[in-house]
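Here is the structure we will look at.
The values are calculated or read from the model by the stated rules, or taken from the named source; none is laboratory data. Not measured: the values here are computed from a predicted model. We place every Cβ from the backbone using ideal geometry, glycine too, and count neighbours over all the protein chains shown. Accessible surface is based on the protein model in full, side chains and every heavy atom, while ligands, DNA and RNA are left aside. Shrake-Rupley method; radii C 1.70, N 1.55, O 1.52, S 1.80 Å.
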Amino acid sequence: MAEEQEVRQLELLCKELYESTDPSHRVEAEKALVGFQNAPDTLSKCQLLLDRGDSCYAQLLAATTLTKLVSRSAQGLSLQQRGSVEHCMIGVQLLSQLTCEMNQISEADANRSLNKHTKIASSFRDTQLFEIFRISCTLLTNASENCESLNFNHQAQHGLMTQLLRLAHNCLTFDFIGRATDESSDDLCTALSCLVQIASVRRSLFGNTERAKFLTQLVNGVKHILQNPQGLSDPSNYHEFCRLLARLKSNYQLGELVMVEDYALAIQLIAKFTVESLQMWQFAPNSVHYLLSLWQRMVASVPYIKATEPHLLETYTPEVTNAYITSRLEDGLEDPLDDLGMVRQQLEQLSVIGRCEYQKTCTLLVQLFDQAARIYQELMAAPAPPQVDITIQEGRLTWLVYIIGSAIGGRVSFTSNEEHDAMDGELVCRVLQLMNLTDSRLSRGGCEKLELAMLSFFEQFRKIYVGDQIQKNSKVYRRLSEVLGLVSESMVLSVFIRKIITNLKYWGRSEQIILKTLQLLNDLSVGYSCVRKLVGLEEVEFMLNNHTSEHFPFLGNGVAVSEMRCRSMFYTSLGRLLMVDLGEDEDRFDNFMMPLTNAFESIGAMLAHADTPLFAAEEAKKALIGLARDLRGLAFAFNTKPSYMMLFDWVYPNYTPILLHAMELWFREPQVTTPVLKLFSELVQNRSQRLQFDVSSPNGILLFREASKVICSYGSKILGIEVPKDQTYQMKLKGISICFSMLKAALCGSYVNFGVFRLYGDEALDNALKMFVKLLLSIPQSDLLDYPKLSQSYYVLLECLAQDHMSFLSTLEPSVFLYILSSISEGLTALDTMVCTGCCTTLDHIVTYLFKQLSQKGKKRQGAPTGNDMFLQVLELHPEILQQMLSTVLNVIMFEDCRNQWSMSRPLLGLILLNEEYFNQLRENIIRSQPPDKQAPMVQLFENLMDSIERNLLTKNRDK
């Protein structure tokens with residue numbers, strides 16, 4: 001009871017000290033508490049307060065008193081009170097946890113402003129972090145100096161060392177810039193983690209002499225670990241050590257490393273460790289990246305090294321290359337497709353490493369490839385070869401083809417010469433010979449992973465040796481001529497196209513192969529010089545004349561493949577090839593379009609009859625999905641006026657009714673509506689100014705009418721259906737997003753005089769805009785920012801409306817206009833910079849319009865309220881909307897890490913002039929919230945902001 005009373009008495013004294021309005025009471029309480037802090041039993045009473053006290057003031061008293069006790073001389077506490085190893089460990093854990101919490105954004109911090117959290121973390125960093133780090137270093141130093149008395153088998157002592165290393169690591173990984181997320185981890189290899197951070201210290205903090213000394217110590221430490229590697233048997237330790245090796249080169253130059261006294265021994269040990277690691281790569285596969293990163297960076301630096309000391313990379317790099325390649329072939333059943341992302345990353349690194357002493361790399365690859373190809377050919381010729389043997393050889397060849405492709409791709413990253421090109425030629429010839437063998441057997445089946453490796457090889461070969469900038473007298477082409485009879489670049493291109501045709505014919509069941517094959521065709525069809533050569537090939541002419549499912553079965557595979565954009569990509573490439581010599585040859589265009597014409601006629605006939613059997617309707621639907629994607633690909637490719645107009649005249653008015661009818665029939669099925677909507681969205685895009693109609697042409701208006709019909713038809717149908725919450729985006733929001741994009745493209749394409757619609761009573765424009773409003777109001781405002789594609793399409797459309805169709809916005813119902821303003825307010829703080837910037841521009845248009853209307857209000861004639869008057873009345877009834885926006889813009893500019901200051905500044909003056917009284921209040925609040933010594937400068941800054949500013953929104957005034 002006595003203890004409880006003592007706790008309550010202390011809490012009352014604290015309450016008096018901090019809350020009493022009577023000065024005499026505060027003085028008495030302060031005297032009593034000073035006496036408490038100097039009493040001999042203070043330590044035990046502090047424990048009582050922390051254990052049983054409820055008052056935050058009492059806990060503050062206990063904490064500050066304890067701080068004073070331990071910061072006095074050690075004589076102030078008895079030997080027992082100073083604490084055991086266990087107590088010391090608890091203190092270190094508390095500091096470690098505190099450092100972690102200051103370095104991460106908790107859920108509570110997320111609910112507060114990010115700015116506030118950053119200020120707290122920055123204050124901790126500037127005032128406390130160094131002292132905490134110094135404590136960890138001091139205790140670690142003491143332990144190392146008394147290492148003879150340390151017993152790591154003693155649980156408490158071992159635990160204390162672990163916690164001290166963790167504390168040091170938390171200090172070193174503290175987010176000094178202020179952008180951290182929670183990446184705290186509970187590693188068991190904290191000492192090495194600390195070394196990784198120390199090795200990452202910014203090099204500019206050192207002078208040249210200091211940096212050399214620091215690097216020498218790091219290298220010596222690495223050398224010592226490699227000479228005593230027992231601890232690296234733990235995977236976590238091993239992983240951190242690999243990271244440490246990578247940091248040596250990422251933070252220091254090769255010229256600095258070779259100057260280290262024991263560099264020769266260190267690089268020898270590192271090479272030995274790398275080779276052993278690559279040979280046992282299954283032990284820690286995620287660590288291989290760091291080792292390869294070290295060697296990649298070392299080799300990439302060789303052309304730039306100025307030091308005279310030998311770097312010895314020509315001695316050790318071939319060992320690393322050899323170890324990587326041979327280790328991947330030891331287990332022929334290992335499938336590189338298990339983690340293709342990791343494989344590609346490693347091959348990118350190897351592409352640079354292997355170019356050092358390239359002759360040795362090439363000789364090894366030729367030897368291994370010839371051996372694997374010979375065995376594979378023998379197996380293929382045998383009457384009944386064991387499948388497991390075939391699988392093993394296909395696995396080895398897959399690895400070798402990937403590696404050869406990466407070796408060729410590395411040509412640009414290292415000093416190359418003609419002899420290197422000749423070596424590339426040797427490798428290319430072998431892969432093409434293997435391709436001839438595998439392609440000849442495709443009618444009986446093939447190896448998917450080997451085909452994907454071939455496509456990767458072709459992509460690298462295309463980048464390096466095919467295109468406008470390539471030297472055609474390269475020794476690669478000479479070797480291809482000598483071995484395979486490919487005497488020109490056109491003949492090499494014909495090999496590419498034949499391979500593409502073969503894959504599209506035989507690999508329709510593999511979406512990966514089809515997609516990558518079409519990507520290769522797409523890449524070939526982009527370069528002008530390359531395309532000019534392609535259109536002269538028989539293989540390309542065959543594709544342009546026979547693009548049917550009979551010759552390319554993947555076109556008839558249905559929805560699954562078409563959803564992967566394959567058909568669109570295919571027809572985009574064909575469209576580019578066709579355009580090169582199409583000119584205005586309508587007969588050639590009609591011949592090309594014949595398969596699509598026949599398909600449309602067939603679909604139209606089926607949809608025209610109400611008694612069409614169900615299976616036939618399903619077939620029509622499947623064909624229509626493919627056709628929409630085919631046409632979208634063509635529409636994307638046709639970026640010249642003549643080619644686009646041929647397509648437009650072909651599709652309108654013959655086939656647009658069929659597309660519209662299909663939308664109305666299958667509006668509940670996004671697999672139908674999405675491709676059709678995307679097709680119309682592409683047709684209304686004025687890409688490369690292709691939509692330049694003649695003065696007497698009605699085509700611009702006709703095109704907009706069709707877009708309006710599609711938007712209104714789809715919108716009216718989709719608004720009437722209910723969908724489950726988890727299918728909202730797929731079933732509704734995705735289609736609405738495409739409609740927004742379509743309307744934006746049509747409104748901003750500069751090929752329609754919109755005044756014509758109202759002049760002649762055409763409702764196409766009004767219908768489209770009204771449907772936009774209905775669709776918008778059907779979307780919960782939170783969804784506008786939750787779905788990135790939807791938010792981007794909405795905000796760019798809104799910007800277009802604010803710029804060119806403010807007369808429409810000004811006539812909206814108050815609830816609609818408030819919804820739009822509210823969405824702009826939300827968008828101003830969006831993470832997507834594009835959305836934020838668009839909102840700034842939209843807001844600028846709106847406040848500029850409002851300011852002009854208010855300026856002219858007194859000049860208007862008396863009469864009934866116009867739409868514009870209604871617009872102003874909404875803002876008079878809800879001034880808080882624009883006030884909130886002014887506050888948001890000002891806060892973002894002043895206190896946040898604003899990535900688009902210029903855009904944010906555009907609506908600022910208009911907002912200030914529309915809310916002058918509120919701006920003055922806001923200014924005073926901001927000034928008062930500053931520390932006293934900052935208030936006068938802040939007043940001056942606000943005065944400077946508005947100095948010489950006039951009450952207008954002219955550009956010169958805004959800029960000032």
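(1) in contact (Cβ under 8 Å) with a residue 24 or more places away in the chain; (2) under 18 Å from Asn891 (Cα atoms): which one isn't true of Tyr787, the others all being true?
Only one criterion is unmet by Tyr787, namely (2).
Tell me which residues, restricted to region 670-706, are among the small types (Gly, Ala, Ser), within 27 Å of Arg565 (Cβ to Cβ) and open to solvent by less than 30 Å² (accessible area, probe 1.4 Å). Spell out the reasoning first.
We begin by selecting, within region 670-706, every residue among the small types (Gly, Ala, Ser); these are 681, 688, 696-697, 700.
Among the residues that remain, those that are also within 27 Å of Arg565 (Cβ to Cβ) are: 681, 688.
Within region 670-706, just Ser681 meets the criteria.
Assuming Arg951 fulfils every condition listed in (1) charged (D, E, K, R); (2) part of a helix (DSSP H, G or I); (3) at pLDDT 90 or above apart from one, which condition is it?
All conditions pass for Arg951, except number (2).
Quick one: which of Phe176, Phe133, Phe152, Phe124 is at pLDDT 65 or above, of a type in the set (A, V, I, L, M, F, W, C), assigned to a loop (DSSP other than H, G, I, E, B) and touching a helix residue (DSSP H, G or I) at 6+ places or on another chain (Cβ under 7 Å)?
None of the others qualify; the one that does is Phe176.
I need a count of the residues in region 491-520 that are farther than 19 Å from Val431 by Cα and assigned to a helix (DSSP H, G or I). Please lay out each step first, then the result.
Our first condition is that a residue be farther than 19 Å from Val431 by Cα; within region 491-520, this holds for 504-512, 514-515, 518-519.
Next, from what is left, pick out any that are assigned to a helix (DSSP H, G or I): 504-506, 511-512, 514-515, 518-519.
Residues meeting the conditions: 9.
Yes or no: Leu534 within 24 Å of Met423 (Cβ to Cβ), of a type outside the set (D, E, K, R) and buried (at least 19 other Cβ atoms within 10 Å of the Cβ)?
Considered against the rule, which asks whether it is within 24 Å of Met423 (Cβ to Cβ), of a type outside the set (D, E, K, R) and buried (at least 19 other Cβ atoms within 10 Å of the Cβ), Leu534 comes out as no.
Of the numbered conditions (1) free of Cβ contacts under 8 Å to residues at least 12 places away in the same chain; (2) open to solvent by 70 Å² or more (accessible area, probe 1.4 Å), Asp22 satisfies every one except a single condition; which is it?
(2)
Among the residues of region 46-60, is any within 28 Å of Gly83 (Cα to Cα), without any contact (Cβ under 8 Å) to a residue 40 or more places away in the chain, touching a Gly at 6+ places or on another chain (Cβ under 7 Å) and not in a loop (DSSP other than H, G, I, E, B)?
Scanning region 46-60, I find at least one residue that is within 28 Å of Gly83 (Cα to Cα), without any contact (Cβ under 8 Å) to a residue 40 or more places away in the chain, touching a Gly at 6+ places or on another chain (Cβ under 7 Å) and not in a loop (DSSP other than H, G, I, E, B), so the answer is yes.
Among the residues of region 847-898, what is the count of those that are at pLDDT 80 or above and under 38 Å from the mean Cα position of the chain (by Cα)?
Number of matching residues: 21.
Would you check if there is a residue in region 707-729 being open to solvent by 20 Å² or more (accessible area, probe 1.4 Å), in contact with a helix residue (DSSP H, G or I) (Cβ under 8 Å, 6 or more places away or on another chain) and closer than 19 Å to Leu631 by Cβ?
Yes, region 707-729 contains at least one residue that is open to solvent by 20 Å² or more (accessible area, probe 1.4 Å), in contact with a helix residue (DSSP H, G or I) (Cβ under 8 Å, 6 or more places away or on another chain) and closer than 19 Å to Leu631 by Cβ.
This table checks each residue for (1) open to solvent by less than 20 Å² (accessible area, probe 1.4 Å); (2) small (Gly, Ala, Ser); (3) modelled with pLDDT under 95.
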position: Cys356; (1), (2), (3): yes, no, yes
position: Cys362; (1), (2), (3): yes, no, no
position: Thr415; (1), (2), (3): no, no, yes
position: Glu451; (1), (2), (3): yes, no, no
position: Leu455; (1), (2), (3): yes, no, no
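State yes or no: is Gln230 more than 34 Å from the chain's Cα centre (by Cα), open to solvent by 90 Å² or more (accessible area, probe 1.4 Å), farther than 19 Å from Tyr263 by Cα and modelled with pLDDT under 85? Steps first, answer last, please.
Details: more than 34 Å from the chain's Cα centre (by Cα): yes; open to solvent by 90 Å² or more (accessible area, probe 1.4 Å): yes; farther than 19 Å from Tyr263 by Cα: yes; modelled with pLDDT under 85: no.
Criteria not met by Gln230.
Restricting the search to region 290-324, which residues are hydrophobic (A, V, I, L, M, F, W, C) and surrounded by fewer than 21 Cβ atoms within 10 Å (Cβ to Cβ)?
Ala300, Val302, Ile305, Ala307, Leu312, Ala323
Is there any pair with a first residue in region 89-111 that is over 16 Å from Thr173 (Cβ atoms) and assigned by the TED database to the domain that holds Arg134 and a second that is surrounded by 14 or more Cβ atoms within 10 Å (Cβ to Cβ) and modelled with pLDDT of 85 or more whose Cβ atoms are under 7 Å apart and which are 6 or more apart or on different chains, and what are they?
Pairs found: Met89/Gln163; Val92/Gln163; Val92/Leu164; Val92/Leu167; Gln93/Gln163.
Scan region 915-929 for residues that are open to solvent by 40 Å² or more (accessible area, probe 1.4 Å) and either not assigned by the TED database to the domain that holds Leu954 or not basic (Lys, Arg) (or both) and report the count. Walk me through it before giving the result.
The initial filter retains those residues of region 915-929 that are open to solvent by 40 Å² or more (accessible area, probe 1.4 Å), namely 916-918, 920-921, 923-925, 928-929.
Narrowing further to those that are either not assigned by the TED database to the domain that holds Leu954 or not basic (Lys, Arg) (or both): 916-918, 920-921, 924-925, 929.
Total satisfying the criteria: 8.
Would you mind telling me which numbered condition in (1) surrounded by 20 or more Cβ atoms within 10 Å (Cβ to Cβ); (2) more than 16 Å from Leu254 (Cβ to Cβ) Asp370 fails?
(1)
Would you tally the residues in region 756-772 being touching a Leu at 6+ places or on another chain (Cβ under 8 Å), more than 12 Å from Cys739 (Cα to Cα) and either at pLDDT 95 or above or among the hydrophobic types (A, V, I, L, M, F, W, C) (or both)?
Count: 1.
Which ones in region 268-314 are among the acidic types (Asp, Glu) and touching an Asp or Glu at 6+ places or on another chain (Cβ under 8 Å)? Lay out the reasoning, then the answer.
At the first step, the residues of region 268-314 found to be among the acidic types (Asp, Glu) are 276, 309, 314.
Selection gives Glu314 alone.
Looking at region 807-824, is at least one residue more than 22 Å from Lys678 (Cα to Cα), open to solvent by 10 Å² or more (accessible area, probe 1.4 Å), free of Cβ contacts under 8 Å to residues at least 40 places away in the same chain and part of a helix (DSSP H, G or I)?
yes
Only one of these conditions is not met by His661: (1) modelled with pLDDT of 95 or more; (2) out of contact with any Lys or Arg (no Cβ under 6 Å at 6 or more places or on another chain). Which number is it?
Unmet condition: (1).
Which numbered condition in (1) at pLDDT below 75; (2) open to solvent by less than 70 Å² (accessible area, probe 1.4 Å); (3) not polar (S, T, N, Q) is the only one that Leu61 fails?
Exception for Leu61: condition (1).
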